[in-house]
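The values are calculated or read from the model by the stated rules, or taken from the named source; none is laboratory data. Because the structure is a prediction, the values reported are computed rather than measured. Counting neighbours? That spans all protein chains shown, and the Cβs are built from the backbone with ideal geometry, glycine included.
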Amino acid sequence: MGDVLAPGAKINLDKAMTVQHFSYACSKRRTAAGNPYGPTMPSFLEFTVRLGKKDDAKEFFEQMHQPETFQYSFLFYSKSGTGAVEENSIIVASGYTVGLEESTRTVTIIEQVTDKDGKKTEVPKDDEQLHLTVKVMLSNLVIKSKDSKNLNLIITND
């Protein structure tokens, strides 16, 4: 949470959450010739994060009651052919939190278990995860790509 593009901002991965789902759409009115005009239509960002524990949702609920915009930062990574983690892009979204929905999901994970003889076997195990879906009415969106170019989309209602 917060703006990782601000001068002096530090990325604290210990407080990061794993994004399960991320989507947004922005649009403008267009003339018959296809040229955009007027303000950007109200735009929403929706994302789902996996929470470690229920207390992690506290800050999201607090932001929902604030009368000002709040910033969320999303870091997208990929693995290179050598296995190194590379940053692809960063998106900083500012807006008003307008919806929150909690859900639990059961995911089957494979756990390696060592028996008495030292033999390792893979055992399926059900893991219950808490997910929080957040809906934000956007006011500003900044996309910083791999090549360090920023695309700044300011969404206004005037």
Exercise for the section: Determine whether region 10-19 contains at least one residue that is under 30 Å from THR121 (Cβ atoms) and at pLDDT 75 or above. Expected result: yes
Fill in the blank from the handout: Across region 105-141, the tally of residues that are polar (S, T, N, Q) and touching a Lys or Arg at 6+ places or on another chain (Cβ under 9 Å) stands at 4
Problem - Conditions (1) at pLDDT 80 or above; (2) surrounded by fewer than 11 Cβ atoms within 10 Å (Cβ to Cβ); (3) touching a Phe, Trp or Tyr at 6+ places or on another chain (Cβ under 6 Å): number failed by GLU122 - result: (3)
Fill in the blank from the handout: Checked region 78-93 for anything loosely packed, with under 13 Cβ neighbours inside 10 Å, in contact with a strand residue (DSSP E or B) (Cβ under 9 Å, 6 or more places away or on another chain) and at pLDDT 75 or above; matches are ASN88
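Which residues, counting only those in region 43-65, are farther than 13 Å from PHE22 by Cβ, in contact with a strand residue (DSSP E or B) (Cβ under 7 Å, 6 or more places away or on another chain) and not in a helix (DSSP H, G or I)?
Start the filter on region 43-65 by keeping residues that are farther than 13 Å from PHE22 by Cβ, which leaves 43, 51-65.
Then keep just the ones that are in contact with a strand residue (DSSP E or B) (Cβ under 7 Å, 6 or more places away or on another chain); that gives 43, 51, 54, 57, 60-61, 63-64.
Across region 43-65, the qualifying residues are SER43, LEU51.
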Practice task
Might you check whether a residue that is closer than 25 Å to LYS144 by Cα, in contact with a Leu (Cβ under 8 Å, 6 or more places away or on another chain), acidic (Asp, Glu) and part of a strand (DSSP E or B) occurs anywhere in region 66-89?
Solution key: yes
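Condition check ((1) surrounded by 11 or more Cβ atoms within 10 Å (Cβ to Cβ); (2) modelled with pLDDT under 85; (3) within 16 Å of the chain's Cα centre (by Cα); (4) polar (S, T, N, Q)) across all residues:
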{"residue": "SER103", "(1), (2), (3), (4)": "no, no, no, yes"}
{"residue": "ASP115", "(1), (2), (3), (4)": "no, yes, no, no"}
{"residue": "THR133", "(1), (2), (3), (4)": "yes, no, yes, yes"}
{"residue": "VAL142", "(1), (2), (3), (4)": "yes, yes, yes, no"}
Handout entry: Of the criteria (1) among the small types (Gly, Ala, Ser); (2) surrounded by 15 or more Cβ atoms within 10 Å (Cβ to Cβ); (3) touching a Lys or Arg at 6+ places or on another chain (Cβ under 9 Å), which one ALA57 fails
Key = (3)
Handout entry: Pick from region 60-98, criterion hydroxyl-bearing (Ser, Thr, Tyr) and within 17 Å of LYS15 (Cβ to Cβ), ranking: farthest from the chain's Cα centre (by Cα)
Key = TYR77
